[in-house]
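**Q** Below you'll find the structure I mean.
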Amino acid sequence: MLPLALLLALFSLLGGALSWQAKRQGGAAFKAERTRGTEHFVADLGMLAALLFALVIIMQGSAALILDECLR
């Protein structure tokens, strides 16, 4: 269960890295109605959400190390 949790946390962090890259590039510059502040806010939100989800996935996976033995 822990290897699967690590893989899923890696996918979550990959999404955060994509948000970081979008923030560095400036986002969707082809849409004139969006301001730079909106693009940065959404990118920051994506990075923080990815970090939160990765943390939750790791904590759930590490709980399986303890609870697996109790359930047998």
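**Q** Going by the structure shown, is L52 open to solvent by 100 Å² or more (accessible area, probe 1.4 Å) and at pLDDT 90 or above?
**A** For L52, the condition - open to solvent by 100 Å² or more (accessible area, probe 1.4 Å) and at pLDDT 90 or above - is not met.
**Q** Restricting to segment 7-49, give me the number of residues that are among the aliphatic types (A, V, I, L, M) and modelled with pLDDT under 85.
**A** Residues meeting the conditions: 3.
The values are calculated or read from the model by the stated rules, or taken from the named source; none is laboratory data. Since we're looking at a predicted model, the values are computed, not measured. For accessibility, only protein heavy atoms count, side chains too; no ligands or nucleic acids. Shrake-Rupley method; radii C 1.70, N 1.55, O 1.52, S 1.80 Å.
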